[in-house]
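What follows is one structure encoded as structure tokens, with my remarks underneath.
What follows is calculated from the coordinates using simple rules that are stated; it is not laboratory data. Given the structure is predicted, the values throughout are model-derived calculations rather than measurements. With ideal geometry, Cβ positions are generated from the backbone for all residues, glycine too; neighbour counts draw on all protein chains shown.
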Amino acid sequence: KAGVTQTPRYLIKTRGQQVTLSCSPISGHRSVSWYQQTPGQGLQFLFEYFSETQRNKGNFPGRFSGRQFSNSRSEMNVSTLELGDSALYLCASSLDPGPGNTIYFGEGSWLTVV
Amino acid sequence: AQSVTQLGSHVSVSEGALVLLRCNYSSSVPPYLFWYVQYPNQGLQLLLKYTSAATLVKGINGFEAEFKKSETSFHLTKPSAHMSDAAEYFCAMKAGANSKLTFGKGITLSVRP
């Protein structure tokens with residue numbers, strides 16, 4: 001079956017703009033989480049959604065937001081982009097938030113802010 | 001606080017040599033532990049996971065890891081490195097019902113011909 005799908009794969013934005021990234025989880029998976037990956041900070045947790053509810057949130061400013069739809073698809077939004085937001089944004093899905101469930105990752109969305 | 005530590009940022013081995021990537025964790029509750037691999041310009045691929053069923057866990061591509069509670073470790077090994085193993089490896093942990101997936105800093109593995 002299809003894996004976690006993220007769109008767009010690559011995008012370039014200007015400082016001050018906003019961006020929306022989309023994630024389609026593996027069919028049947030209801031838990032979706034987002035991570036930011038940068039060379040300096042590594043992999044950092046952004047937020048997790050399950051059944052359209054945010055269950056966990058990482059230590060990011062309010063400019064970072066997300067949501068999950070009834071079909072489990074998820075979007076994340078970053079407003080008022082800063083140069084430091086340039087990163088690989090990874091979406092992951094699992095059956096549910098249970099700690100032992102395997103978490104599958106998408107290929108990521110590469111965001112460059114200029 | 002829960003944390004994952006991967007000491008060092010780079011490991012270099014010769015093709016055919018043993019691969020050993022270290023991971024230590026800190027958790028106040030029994031953890032679930034994962035190793036992921038990331039090839040250049042790709043997402044993360046699960047190599048193996050520990051969920052308390054067995055302390056020695058076998059994964060894909062010939063990798064395995066052993067959970068040692070006394071040492072709070074979950075080191076990743078492969079008996080014989082292959083050129084295709086060159087990638088970045090991340091150890092990760094989930095501990096507790098409402099916990100997030102916490103990653104180590106990652107280790108870049110290079111394989112010399």
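The HN-Hα couplings worked out from phi for the stretch B:36-43 by the Karplus form 6.51 cos²θ - 1.76 cosθ + 1.60 (θ = phi - 60°) are 10, 10, 10, 8, x, 6, 10, x Hz, whole numbers, x standing for Gly and Pro. Computed on the stretch B:1-41, the Cα convex hull volume stands at 118 Å³ per residue. Note on A:VAL114, B:VAL19, A:VAL4, A:VAL32: ascending count of other Cβ atoms within 10 Å places them as A:VAL114, B:VAL19, A:VAL4, A:VAL32, the fewest first.
Between the alpha-carbon centres of the stretch A:1-43 and the stretch B:45-100 there is a gap of 24 Å. Peptide B:72-81 has a mean of 0 when you count, residue by residue, the C-beta atoms of other protein chains within 10 Å of its C-beta. Averaged over the residues of A:93-106, the number of partner chain Cβ atoms lying within 10 Å of the residue Cβ comes to 5. Note: relative contact order over the stretch B:18-111, using C-alpha pairs below 8 Å and six or more positions apart, is 33 percent. Pairs spanning more than 20 Å between alpha-carbon atoms, out of A:LYS57/B:LYS94; A:LYS57/B:LYS68; B:LYS49/B:LYS78; B:LYS58/B:LYS78; B:LYS49/B:LYS105: A:LYS57/B:LYS68. For the stretch B:2-72, the C-alpha radius of gyration sits at 1.18 times the compact-globule guess of 2.2 N^0.38 Å, with N the residue count.
In the protein assembly as shown, the C-alpha radius of gyration followed by the widest Cα-Cα span (Dmax) gives 17.5, 50 angstrom. When you restrict to C-alpha pairs under 8 Å that are six or more residues apart and normalise by the size of chain A, the relative contact order lands at 36 percent. By the count of other C-beta atoms within 10 Å, a proxy for reagent exposure, A:ARG9, B:ARG22 are ordered fewest to most as A:ARG9, B:ARG22. Please compute the net charge surrounding B:LEU48, taking Lys and Arg as +1 and Asp and Glu as -1 over other residues with Cβ under 13 Å from its Cβ. Counting the neighbours of B:LEU48, the net charge comes to +1. For chain A, the Kirkwood hydrodynamic radius from C-alpha pairs, put into Stokes-Einstein at 10 °C and a viscosity of 1.306 mPa s, yields a diffusion coefficient of 114 µm² per second.
Fewest neighbouring Cβ atoms within 10 Å first, the residues A:HIS29, B:HIS10, B:HIS82, B:HIS75 line up as B:HIS10, B:HIS82, B:HIS75, A:HIS29. The mean number of partner chain beta-carbon atoms within 10 angstrom of a residue's beta-carbon across peptide B:44-50 is 3. Rounded to the nearest 20, the Cβ-based charge dipole of chain B about its Cα centre (Lys and Arg +1, Asp and Glu -1) stands at 260 debye.
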